[in-house]
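Working notes for the structure below.
The values are calculated or read from the model by the stated rules, or taken from the named source; none is laboratory data. Here the structure is a predicted model, which is why all the values come from computation and not from measurement. We place every Cβ from the backbone using ideal geometry, glycine too, and count neighbours over all the protein chains shown. Only protein heavy atoms, including side chains, enter the accessible area calculation; ligands, DNA and RNA are left aside. Shrake-Rupley method; radii C 1.70, N 1.55, O 1.52, S 1.80 Å.
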Amino acid sequence: MQDLFTQALGINSPWFIKDVSFDNKQLNIHIDFKKGTKFTDSSADTKAYTAYDTKAKTYRHL
């Protein structure tokens, strides 16, 4: 099922869908990134940054 949502949401590496569950009429999609990934800020410079402060967040579509 992760492959289906990966394609539907257009998620590309280093991001991936970690888990998909459907509980109590609620669809939960958990998105994560590969450990050690370096991210660049293309709007400012080409310097690569590592993620060091990750926290699970919940977004609700109304």
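Pick from SER13, SER42, SER21: which residue has the top mean-square fluctuation in a GNM of the chain where Cα pairs under 10 Å get a spring?
Maximum among the listed residues: SER42.
Under a GNM of the chain (C-alpha, springs under 10 Å), which listed residue has the highest mean-square fluctuation: ASP19, ASP45, ASP32?
Maximum among the listed residues: ASP45.
Near PRO14, within a Cβ-to-Cβ distance under 13 Å, what is the net charge of the other residues, with Lys and Arg +1 and Asp and Glu -1?
Net of charged neighbours comes to +3.
Please give the solvent-accessible surface of LEU27 in Å², to the nearest 10, using a probe radius of 1.4 Å with every protein chain present.
Spelled out: LEU27, probe radius 1.4 Å, area about 90 Å².
Taking Rg/Rh (Cα atoms, Kirkwood Rh) as the quantity of interest, determine which of (i) 1.03; (ii) 0.93; (iii) 0.98 was computed from the displayed structure.
(i)
Length gain on complete extension for the stretch LYS57 to SER43, per 0.36 nm per residue less the alpha carbon to alpha carbon distance?
2.6 nm
Quick one: 3J(HN,Hα) in Hz for segment 22-33, Karplus 6.51/-1.76/1.60 with θ = phi - 60°, rounded, Gly and Pro as x.
Result, rounded to whole Hz: 10, 10, 6, 6, 10, 8, 10, 10, 9, 10, 9, 10.
I'd like the accessible area for ASP53, computed on protein heavy atoms only with a 1.4 Å probe and all protein chains in place. Round to 10 Å², please.
Accessible area of ASP53: about 120 Å².
Can you list the chymotrypsin sites (Phe, Trp or Tyr not before Pro) in the chain that are in a DSSP coil and have 10 or fewer other beta carbons within 10 angstrom?
Within the chain, the qualifying chymotrypsin sites (Phe, Trp or Tyr not before Pro) (loop, at most 10 other Cβ atoms within 10 Å) are TYR52, TYR59.
Near the amide H of ILE11, under 5 Å away, which other amide H atoms are found, from residues 5 or more places off or on another chain, if H is placed in the peptide plane?
Excluding prolines and chain starts, which carry no amide H, there are no hits.
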